[in-house]
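A.B. asks: Okay, handing you the structure first.
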Amino acid sequence: MRKSIITSLLILFLLLQGTNGFANGSFPDSIAVKVQSFYRHRSDKKPGRSLMLYFKGAPLIGKGTITLESGTIKELLPVDGKNGIDSLDVLLPAGLGVKTDCQLKIVVKQANKMLEHSVRVPALRQWTVYIYPHSHVDIGYTNTQQNVEVIHRRNIFNGIELAKKTAAYPEGARYVWNPEVLWPVERLFSKASRQVKQEVIDAVKKGYLHLDASYVNTNTSAAADEELFEFLGHGKDFEKLTGKKIETFVQVDVPGMTWGIVPVAKRLGIKYIFALNNGSDRVGRSTDLSFRPFWWKSVDGKSKVLFLQPGSYVPGAQLKGFKFWPKMLGQTDTTKLLSMVKTETPRQNFIDGYLADMLPKLEKSDYYPYDLFAMSWAMADNTPIDADLPEAVKSWNEEFAYPHLVIASATEIMKKYEEKYGDQLPVLSGDFTEYWTDGLGTAAKQTAMNRNAKERLIQDETLWAMLHQGEPAPRADLKEAWRNVSLGTEHTWCYFSPDKQPITNDILNVKFGYFQKGEDISKDIMHRALAPVAKSESQTVGVFNTLSWSRSQLVTLSKEQSSQYNSVTDEWGKAVLSQRLSTGELVFMAEHIPALGSGSYQLSAGKTNTSGSLAQGNVLDNGILKVVIDPQTGDISSLTKGAKEFVDAKAACSINSYRYLKSSEKQNRLSGTSNVKISILENGPLLASILVESAAEGCNSLSRTITLIKGQAYVDIKNNLDKQAITKKEGVHFGFAFNIPQSETMVDIPWGIMKIDKDQLEGANRNWIGFQRWLDVSNKEKGVTMCSLDAPVLEIGDLTADILGGATNSPKWIKNLAPSATIYSWALNNHWHTNFPLSQEGRLEFRYRLLPHNTAYDAAMANRFGMEQSQPLVVSPLKQKLNQKPLMSLTDNPKVLLSILKVDESGNRMEVRLRSVSDKDEVVKVNWLERKPLSVLMNNKVLSNADKLAQTEVLVPAMGMASFIVDFNSIISMGDNLSAGL
């Protein structure tokens, strides 16, 4: 009996010992370790790297200890495996494995048993992830423009309410709404009550709503200089309303942007550029600059802004928005449009997978040493806000110490990069040439309309200053015109599926209305600008020069205006050479029209000299230039100035060669002209034109008119085609092969001049290039300056724009451009598969001007030529002969020119902006002639000495600009902003 009791007690003892981990097989025989890619919150509130320990062979049962040891750091962790532990999440000591790898020894002890394991812990940054909540503003892509406005207006109010509700949340989880661009806010303010406007203003002041500088997402590479000021000027309006500085230019979707954005942004107080790329669709090599923050230095070498392209804007759409946005496509009933995304499981479909993919890639890279990460969170294009975001971020941050999530504005993100890494970031200089300028060719008529309207608006401003001294300028109308110009070049043209009707045409008609309205207002303002001096059916004609140098140019009077007259005399009664054209128009040469001045001419019925001719057969010759037309092709086969030939006879084209490229085909893809007919259209003492008519694939007809003018050293080209509506992928190109060996090509861009390839950033588009007014191909001995007045896109060397589809990572995207003197103007195309018209038809005109020069490249000459062609002399019938001095003049420096004069609403204050194309700083003097200012605000200094103000000395930085404000009626306050109110 006693023996059995002892035996029972022994068994019980052994069993009890087994529950404490000492029985055979109850203690693990090995450990597997998984090093996690995140940090959790330690009990001491410090971040600790998470490790998962997996016990093999047996669970860990009972009390014991785990020791973590690395170098001199040692930490003992008590363990109580009361119910048995198969795995355990332990946190490393704070600071371990953050900046460098570490070797970690793990010791598990329990009574007299011990298990050791060593593991290498790779370094892991303590990432802060900034999440930029927004909805991509794609005006007309997923719905009508009106409904897109409704969606984004809702987002503003819903975003403000969500920000209010989460204002007391922990840091990082407090919501902020980013409208992305100012268009939704500007549209809201154009219709809202005073109370609603104040609510929005208050939300901005409190940080619930954050505003950024861009009006819309647009093609900046094809902008005019002054257009960029108008485009970004909406931000100054909202700064005044809210009292909050707008410091970041945000661009979404569009790959690339003009170098000229840098000096304009800097001048307007914009310090940062935050660019979210499309990521895949026709983005070329632009993603090469993703996750590579840098200081972007302007062409003037002085201005710079901080640039960041934090990948694409699609993570939110791919991870979560895909469940919602397809249901909104084309839903024109606004009552059925989802107004907010809100679910019961905020952490589902969140950013876990995206961070798990991106952060290790960046940490392993040799170009991203930073522990900040920025990302977009948009459900897609024109979608509602994700109301789950604050809850998801709050939950995440409670679970993890790092990556730490922060809901942020673009400015907050950029400030963090500047504060932490600003002095370590590289400085880059060059143009980030855009990729989506090819879309401009899908509606060539409207693109040309906008291209000319913006130049007219610049002239409107200056002409108003010339003819309405002391009178208020129509600033509201000018602003509305520029707003429509911006909406014209905004990156969306029609429905995402352009073959779906009627929604595609509904959207396209509204889009085309922007172009028309911009043009109509620009013409109306010019009419009003001329009103003080104009009189219809007058035989006195005024010619106005809105540029800052004296110039001579051909002037054309309409058939209706000139039908009763045959001759022209100048204001001194001297006969002026004139010529009646076959159209019934009358042309004459207006000579030496003074800078910012005018000239008067008198029409009479008397006979004029009609003797003399400049054309014979297929040859034009004005004594300066000689042009020969090839009778087989209709191309310019020879262009000479003196003894120098400017046509490359060995190239794949001549000059003004029509090339039709069938991109959808595999054979017989490229064609030129056939059935060529050459005739002399005009042939007089003043000008001669040869008309080339031909058949051309893709067109019902093609006519090319080549003109030389007496005494003028340039060739005038007008190409008119009657386009057929073709939906198969096509492109129309006009080739210009110049005989200029070892040439360099310089291109006029907004507020700068770009040397092809050398002045382009890595990732910039080299397959096609958007430009402003002119390009120049030259060597040390000769060259050609070329203007394209209607088509803003060119190719260098070959037809390199022959790329279809998304073309993600296509080898066709050019990395470096070889020098070439062959230029192709890419006039039109339908290469896009979404968002743009499938075809275009009807009559289209493409105008070019060629200025051959037997000298090396001269930036001043090229720029003046480009300005003269884009902003021609303004002509109007007059009430009487003009007798007024120019308002002002510049000292004669061909490298510095007036960009614009802008009069404010009072009529007494005017902004003056000068541009330099000199490679060194220049000092110019502004002479005030007709009206002298009382004060000048320049470089944050007010000048008010009346004696000195008759002449204002201005320093214009090399390749830069200078702006100043003059007041003709009062002393300017130092509080006045340089560009505010103008």
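All of the numbers you see were taken from the coordinates with simple rules; none came from a lab. These numbers were taken from a predicted model, which means no experiment stands behind them. Cβ: placed from backbone, ideal geometry, glycine included. Neighbour counts: every protein chain shown.
A.B. asks: With a bin width of 5 angstrom, please list the P(r) values of segment 887-982 as percents of all Cα-Cα pairs, from the 0 bin to the one holding the largest distance.
C.D. replies: The percentages, shortest bin first, are 3, 14, 26, 26, 19, 10, 3, 0.
A.B. asks: Follow-up. Give me D for segment 128-437 in µm² s⁻¹, whole number, from Stokes-Einstein with Rh from the Kirkwood sum over alpha-carbon pairs, 37 °C and 0.692 mPa s. Numbers along the way, then the final one.
C.D. replies: On the way: Rh = 19.6 Å.
The Stokes-Einstein estimate is 167 µm²/s.
A.B. asks: With viscosity set to 1.306 mPa s at 10 °C, what whole-number translational diffusion coefficient in µm²/s follows for segment 382-440 from Stokes-Einstein and a Kirkwood radius over Cα pairs? Before the final figure, lay out each step's value.
C.D. replies: Details: Rh = 15.6 Å.
Result for D is 102 µm²/s.
A.B. asks: Moving on. Can you work out ³J(HN,Hα) from phi for every residue in segment 177-194, in order, using Karplus 6.51 cos²θ - 1.76 cosθ + 1.60 and θ = phi - 60°, giving whole Hz and x for Gly and Pro?
C.D. replies: 9, 10, x, 6, 10, 8, 3, x, 6, 4, 5, 4, 5, 6, 10, 7, 6, 4
A.B. asks: Sticking with this structure for a sec: Using DSSP, restrict attention to beta bridges with both residues in segment 263-416 and report what percent are antiparallel, rounded to the nearest 5. Intermediate values should be presented prior to the final figure.
C.D. replies: On the way: 4 of 10 bridges.
Percentage antiparallel, nearest 5: 40.
A.B. asks: Here's another thing I want to ask about it. Calculated from DSSP H runs of 4 or more alone, at -39500 (n - 2.57) each and per residue, what is the 222 nm mean residue ellipticity of the chain, nearest 500? Provide the component values of the computation, followed by the final result.
C.D. replies: Working: 15 runs with 210 residues, N = 982.
Taking each H run of at least 4 residues, the total per residue is -7000 deg cm²/dmol.
A.B. asks: Let me spell out the model: positive unit charges on the Cβ of Lys and Arg, negative unit charges on the Cβ of Asp and Glu, origin at the Cα centre of the chain. What dipole size does that give, in debye rounded to 20? Numbers along the way, then the final one.
C.D. replies: Values: 113 positive and 106 negative charges, 399 e Å.
Roughly 1920 debye for the chain.
A.B. asks: Sort Tyr658, Tyr354, Tyr417 by Cβ crowding within 10 Å, fewest neighbours at the top.
C.D. replies: Values: Tyr658 26, Tyr354 17, Tyr417 21.
With the fewest neighbours first, Tyr658, Tyr354, Tyr417 line up as Tyr354, Tyr417, Tyr658.
A.B. asks: Quick check on my link table: of Lys304/Lys925; Lys523/Lys932; Lys302/Lys895; Lys34/Lys105, which ones sit more than 21 Å apart, alpha carbon to alpha carbon?
C.D. replies: Values: Lys304/Lys925 27 Å; Lys523/Lys932 30 Å; Lys302/Lys895 18 Å; Lys34/Lys105 14 Å.
The answer is Lys304/Lys925; Lys523/Lys932.
A.B. asks: Right, here's the next one. Quick one: if the Förster radius is 45 Å, what FRET efficiency do Ser365 and Lys885 give, using the C-beta to C-beta distance and rounding to 0.05? All intermediate terms of the calculation are to be shown ahead of the outcome.
C.D. replies: On the way: r = 63 Å, r/R0 = 1.41.
That gives a FRET efficiency of 0.10.
A.B. asks: Kindly express, to the nearest 10 degrees and within the range 0 to 90, the angle between helix 475-489's C-alpha long axis and the longest C-alpha principal axis of the chain.
C.D. replies: 70
A.B. asks: With a point put 7 Å past each Cα toward its Cβ, work out how far Ser839 is from Glu665 in nm, to one decimal.
C.D. replies: Those two pseudo-labels are separated by 1.6 nm.
A.B. asks: Among Gly488, Pro498, Leu457, which residue has its Cα furthest toward the positive end of the charge dipole of segment 444-532, with +1 on Lys/Arg Cβ and -1 on Asp/Glu Cβ?
C.D. replies: Toward the positive end, the furthest listed residue is Pro498.
A.B. asks: Under the rule a/c < 1.5 gives rounded, and otherwise a/b versus b/c splits prolate from oblate, where does segment 692-829 land using the Cα gyration tensor?
C.D. replies: Numbers: a/c = 2.04, a/b = 1.05, b/c = 1.94.
It is oblate, given that a/c is not under 1.5 and a/b is not larger than b/c.
A.B. asks: Using the charge dipole of the chain (Lys, Arg: +1 at Cβ; Asp, Glu: -1 at Cβ; taken about the Cα centre), state which of Pro122, Met746, Ser600 has its Cα farthest towards the positive end.
C.D. replies: Comparing the listed Cα positions along the dipole, Pro122 ranks first.
A.B. asks: Mind ordering 503-509, 146-152, 728-734, 94-100 by average Cβ neighbours within 10 Å, highest first?
C.D. replies: Numbers: 503-509: 18.4, 146-152: 20.1, 728-734: 22.0, 94-100: 15.9.
So the order, starting with the most tightly packed, is 728-734, 146-152, 503-509, 94-100.
A.B. asks: Determine the relative contact order of segment 19-156: mean sequence separation of Cα pairs under 8 Å and six or more apart, normalised by residue count, in whole percent.
C.D. replies: Values: 258 pairs, mean separation 28.2, N = 138.
The normalised contact order for segment 19-156 reaches 20 percent.
A.B. asks: Quick one: angle between helix 859-870 and the longest Cα principal axis of the chain, in degrees between 0 and 90, rounded to 10, please.
C.D. replies: 80
A.B. asks: Rounded to a whole number of µm²/s, how large is the Stokes-Einstein D of the chain at 4 °C and 1.567 mPa s, given Rh as the Kirkwood radius over C-alpha pairs?
C.D. replies: Numbers: Rh = 31.8 Å.
In µm²/s, the coefficient rounds to 41.
A.B. asks: Can you give the Rg and Dmax of segment 756-872 based on its C-alpha atoms, in angstrom?
C.D. replies: 15.9, 46
A.B. asks: Take peptides 74-84, 492-502, 743-753 and line them up by average Cβ neighbours within 10 Å, highest first, as a rough protection proxy. Could you put the intermediate results ahead of the total?
C.D. replies: Values: 74-84: 12.5, 492-502: 18.4, 743-753: 24.2.
Ranked from most to least packed, the peptides come out as 743-753, 492-502, 74-84.
A.B. asks: Using only the Cα atoms, work out Rg/Rh for segment 615-855, with Rh taken as the Kirkwood radius, to two decimals.
C.D. replies: Numbers: Rg = 17.7 Å, Rh = 18.5 Å.
Taking Rg over the Kirkwood Rh, I get 0.96.
A.B. asks: Here's something else I'd like to know. Applying the Karplus parametrisation 6.51 cos²θ - 1.76 cosθ + 1.60 with θ = phi - 60° to the phi angles of segment 233-245, what ³J(HN,Hα) value in whole Hz is obtained for each residue in order, glycine and proline being reported as x?
C.D. replies: Coupling constants for segment 233-245: x, 4, x, 5, 4, 6, 4, 5, 5, 9, x, 9, 5 Hz.
A.B. asks: His117 versus Ala531, label points 7 Å from Cα toward the beta carbon: distance in nm?
C.D. replies: Using points 7 Å along Cα→Cβ, the separation is 8.6 nm.
A.B. asks: Averaged over all directions, how much area does the convex hull of the C-alpha atoms of segment 104-148 cover when projected, in nm²?
C.D. replies: On the way: hull surface 29.7 nm².
If I average the Cα hull's projected area over directions, I get 7.4 nm².
A.B. asks: Over the residues of segment 551-689, compute the C-alpha Rg and express it relative to 2.2 N^0.38 Å. Can you show the working numbers first?
C.D. replies: Numbers: Rg = 19.8 Å, N = 139, 2.2 N^0.38 = 14.3 Å.
Normalised Cα radius of gyration, segment 551-689: 1.38.
A.B. asks: Using the alpha-carbon centroid of each, what span in Å lies between segment 199-251 and segment 337-414?
C.D. replies: 24
A.B. asks: Now, a different point. May I have the convex hull volume per residue, in Å³, for the Cα set of segment 820-902? Can you show the working numbers first?
C.D. replies: Numbers: hull volume 21.6 nm³, N = 83.
Enclosed volume per residue, from the Cα hull, is 260 Å³.
A.B. asks: Can you list the HN-Hα couplings for segment 361-370, worked out from phi with the Karplus curve (6.51, -1.76, 1.60; θ = phi - 60°), rounded to whole Hz and with x for Gly and Pro?
C.D. replies: Each residue of segment 361-370 in turn: 4, 5, 5, 7, 6, 9, 10, 10, x, 9 Hz.
A.B. asks: Any idea what the dipole of segment 444-532 comes to, in debye rounded to 20, about its Cα centre with Lys/Arg Cβ at +1 and Asp/Glu Cβ at -1?
C.D. replies: On the way: 12 positive and 12 negative charges, 28 e Å.
The dipole magnitude comes to about 140 debye.
A.B. asks: Okay, next question. Taking the radius of gyration and the Kirkwood hydrodynamic radius from Cα positions alone, what is the Rg/Rh ratio for segment 540-610, to two decimal places? Write down the numbers at each step before the final one.
C.D. replies: Working: Rg = 11.9 Å, Rh = 12.3 Å.
That ratio is 0.97, to two decimals.
A.B. asks: On to the next question. For His41 and Ala356, compute 0.36 nm times the residue count separating them, minus their Cα-Cα distance, and round to one decimal in nm.
C.D. replies: Working: separation 315, 0.36 × 315 = 113.40 nm, distance 1.92 nm.
Full-extension gain reported as 111.5 nm.
A.B. asks: Could you give the dipole magnitude of segment 540-610 about its Cα centre, charging the beta-carbon of Lys and Arg +1 and that of Asp and Glu -1, in debye to the nearest 20?
C.D. replies: Details: 5 positive and 5 negative charges, 27 e Å.
That gives segment 540-610 a dipole magnitude of about 140 debye.
A.B. asks: In addition: Remind me, relative contact order of segment 540-610 in percent, using alpha carbon pairs under 8 angstrom and six or more residues apart?
C.D. replies: Working: 152 pairs, mean separation 34.2, N = 71.
Reported relative contact order: 48 percent.
A.B. asks: Continuing with the same structure: Enter the mean projected area of the convex hull around the alpha-carbon atoms of segment 444-532, in nm², rounded to one decimal. Don't skip to the answer; put the middle values down first.
C.D. replies: Numbers: hull surface 24.0 nm².
Across all orientations, segment 444-532 yields a mean hull projection of 6.0 nm².
A.B. asks: Could you work out the relative contact order of the chain? I mean the mean sequence separation of Cα pairs under 8 Å and 6+ apart, divided by the number of residues, in percent. Each step should come with its number before you reach the end.
C.D. replies: Values: 2411 pairs, mean separation 112.3, N = 982.
Averaging sequence separation for qualifying contacts and normalising by length gives 11 percent for the chain.
A.B. asks: Using r as the Cβ-Cβ distance of Glu419 and Arg347, and R0 as 30 Å, what FRET efficiency do you calculate, to the nearest 0.05? The partial results should precede the final answer.
C.D. replies: Working: r = 30 Å, r/R0 = 1.01.
Efficiency, from the Cβ-Cβ distance: 0.50.
A.B. asks: When all alpha-carbon pairs of segment 350-506 are counted, what percent fall beyond 21 Å? Don't skip to the end; give the middle numbers.
C.D. replies: Numbers: 8662 of 12246 pairs.
Here the long-distance tail beyond 21 Å is 71 percent of all Cα pairs in segment 350-506.
A.B. asks: Throw me the Rg/Rh for segment 706-761, computed over C-alpha atoms with Kirkwood Rh, two decimals. Mind dumping the intermediate values first?
C.D. replies: Working: Rg = 16.9 Å, Rh = 15.8 Å.
Computed over Cα atoms, the ratio is 1.07.
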